[in-house]
Amino acid sequence: MKRKILAALLTLVMVFSLLPVSAWAEETTYSDVAGHWAQTAILRWSDYGVLQGNEGKFSPDGTLTRGQMAVILSRLLNLPADVAPDAWYADGINRCAAAGILQGSEGKAMPEDPITREQAMVMLCRALGIAAEDVGVLAAFSDLSLVSDYARPYVAALVKAGAVKGDANGLLNPLGKITRAEIVTMIDRLVGHYAKDAGAFIDASDGALVIVVAEDVKIV
């Protein structure tokens with residue numbers, strides 16, 4: 001996967017008010033992730049402040065909603081705020097909608113609805129600037145026909161990038177629900193370097209994806 005540096009949008013919109021100071025703690029612990037297959041990814045992105053649990057739990061196998069997905073991506077990219085929220089997810093929804101990541105259906109965001117696997121993949125590609133790919137790579141999956149036409153090039157992009165590998169049965173399960181652990185694992189596989197501290201130095205010689213959400217970051 002070619003190296004991509006998300007400088008546009010990311011370095012220009014330094015809105016750190018999105019996350020409380022406590023969210024930037026160096027180490028995060030949850031009572032329900034020890035030994036979980038996604039433990040490393042969950043703790044990595046919790047330490048960055050992109051993820052937050054509830055009352056000491058992360059609920060890694062809990063179903064992800066469209067609102068939760070929007071909040072995760074708005075934190076990941078440090079997107080600028082539009083409207084002060086009334087609901088906990090309103091701010092994330094507005095930010096993702098303004099950035100073109102969340103497009104909704106018939107003018108509705110449907111934040112409480114579970115997000116499907118293909119919807120989450122499309123949002124993730126839009127958020128990270130991952131270009132659509134030829135759908136030929138999906139031929140290896142027997143349930144290719146279930147993937148919506150609009151989503152196929154983006155699902156293909158994530159498969160090609162190694163972020164999506166199918167389930168134990170070799171299925172994409174595009175219309176199924178996605179868990180919190182599954183989406184953070186996709187993010188973890190895609191993002192090699194995350195620069196959230198001003199003046200940070202990033203060695204990106206490995207060609208991995210770099211996300212920059214701070215000023216004066218040096219990348220080589």
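Listed here are the pairs 57/165; 57/196; 177/218; 57/177; which of them are more than 29 Å apart at the Cα?
Violating the 29 Å limit, Cα to Cα: 177/218.
Under 5 Å between amide hydrogens, which residues at least 5 positions from residue 219 or on another chain qualify, with H placed 1.01 Å from N in the peptide plane?
202
Using 7 Å Cα-to-Cβ label points, what is the residue 160/residue 32 separation (nm, one decimal)?
3.7
Within the range 108-191, what whole-number % of the accessible surface is contributed by carbon and sulfur, with the 1.4 Å probe and all protein chains included in the calculation?
Looking at the range 108-191 in its full context, I get 51 percent from C and S.
Restricting attention to the range 114-220, which GluC sites (Glu not before Pro) occupy a DSSP loop and are surrounded by at most 14 other Cβ atoms within 10 Å?
215
How would the range 130-203 be classified by its alpha-carbon gyration tensor: rounded, prolate or oblate, with rounded meaning a/c under 1.5 and the a/b versus b/c comparison settling the rest?
Prolate.
Per residue of the range 122-131, what does 6.51 cos²θ - 1.76 cosθ + 1.60 with θ = phi - 60° give for ³J(HN,Hα)? Whole Hz please, x for Gly and Pro, Karplus curve as stated.
Couplings: 5, 4, 5, 5, 4, 5, 9, x, 7, 6 Hz.
Between residue 175 and residue 139, what length comes free when the chain is fully extended (0.36 nm per residue of separation minus the Cα-Cα distance, one decimal in nm)?
Once the chain is fully extended between residue 175 and residue 139, it gains 11.2 nm.
Evaluate the charge dipole of the range 127-220 about its Cα centre and quote only its size in Debye, nearest 20, assuming +1 on the Cβ of each Lys and Arg and -1 on the Cβ of each Asp and Glu.
Value, rounded to 20: 220 debye.
Given 0.36 nm per residue, what is the gain on full extension from residue 167 to residue 200 after removing their alpha carbon distance, in nm?
8.2 nm is the gain from fully extending residue 167 to residue 200.
The values are calculated or read from the model by the stated rules, or taken from the named source; none is laboratory data. Please read these numbers as outputs of a predicted model, since none were measured by experiment. As a convention, Cβ positions derive from the backbone with ideal geometry for all residues, glycine included, and neighbour counts pool all protein chains shown. To get the accessible areas, we keep the full protein, side chains included, count just its heavy atoms, and leave off ligands, DNA and RNA. Shrake-Rupley method; radii C 1.70, N 1.55, O 1.52, S 1.80 Å.
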